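The block underneath contains the structure these notes are about, expressed in structure tokens.
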Amino acid sequence: MSAAEAILAEFRAFGVGRRRDMFCARSAFDIVDRCARDGVGVLGIEGFYLTDKMTMPQPDHILDLSVNPRAYDAARHFLRLGEGLPLFYEFTLDDDAVKGSV
């Protein structure tokens, strides 16, 4: 299991959705912090509204960090912009950031 997969697996108990891969804001902040600690890059974060029957992507709540996957402060700022909204977040993580730091 890669470092990125291990991080998401650790938080999956707090996740929702079919694959338990969408996280509330508190868990999302914790995931970013864990990525920063372990040197795992954050390629992107997508925000969703969830209902009992639907998953609704929110185009205004998508962050692309593929140019700089170690921009952890930018990821935290993005999550703060959604505070107070009932958003859940899905992450795309990058293990190459780990390999580059060794």
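In segment 1-24, of all residues being open to solvent by 40 Å² or more (accessible area, probe 1.4 Å), outside any strand (DSSP E or B) and touching a Phe, Trp or Tyr at 6+ places or on another chain (Cβ under 7 Å), the one that is nearest to ALA75 (Cα to Cα) corresponds to CYS24.
Mind counting the residues in segment 44-82 that are under 15 Å from LEU93 (Cα atoms) and hydroxyl-bearing (Ser, Thr, Tyr)? Residues meeting the conditions: 2. Selection over segment 25-40 of residues that are touching a Leu at 6+ places or on another chain (Cβ under 8 Å) and either assigned to a helix (DSSP H, G or I) or open to solvent by 40 Å² or more (accessible area, probe 1.4 Å) (or both) gives a count of 6. So, LEU43, is that one under 26 Å from ALA3 (Cα atoms) and in contact with a Pro (Cβ under 9 Å, 6 or more places away or on another chain) or not? So LEU43 fits the description; yes. Count of segment 68-91 residues, restricted to those that are acidic (Asp, Glu) and open to solvent by 80 Å² or more (accessible area, probe 1.4 Å), is 2.
Here ARG70 does not qualify as closer than 14 Å to ALA3 by Cα and of a type in the set (D, E, K, R).
Checked against (1) open to solvent by 20 Å² or more (accessible area, probe 1.4 Å); (2) in contact (Cβ under 8 Å) with a residue 24 or more places away in the chain; (3) more than 11 Å from the chain's Cα centre (by Cα), GLU46 passes all but condition (3). Of all residue pairs spaced 6 or more apart or on separate chains, those with beta-carbon atoms under 8 Å, a first member in segment 56-67 that is open to solvent by 60 Å² or more (accessible area, probe 1.4 Å) and a second member that is of a type in the set (A, V, I, L, M, F, W, C) are MET56/PHE48; MET56/LEU50; PRO57/PHE48; ILE62/ILE45; ASP64/LEU43; SER66/LEU43. Within segment 45-91, the set of residues being touching a strand residue (DSSP E or B) at 6+ places or on another chain (Cβ under 7 Å), part of a strand (DSSP E or B) and more than 12 Å from ALA28 (Cα to Cα) comprises PHE48, TYR49, LEU50, THR55, MET56, PRO57, GLN58, HIS61, ILE62, LEU63, ASP64.
The values are calculated or read from the model by the stated rules, or taken from the named source; none is laboratory data. Keep in mind the model is a prediction, meaning the values are calculated, not measured. Using ideal geometry, Cβ is built from the backbone for each residue, glycine included, and neighbour counts are taken over all protein chains shown. Calculation scope for accessible area: heavy atoms of the full protein, side chains included, ligands and nucleic acids excluded. Shrake-Rupley method; radii C 1.70, N 1.55, O 1.52, S 1.80 Å.
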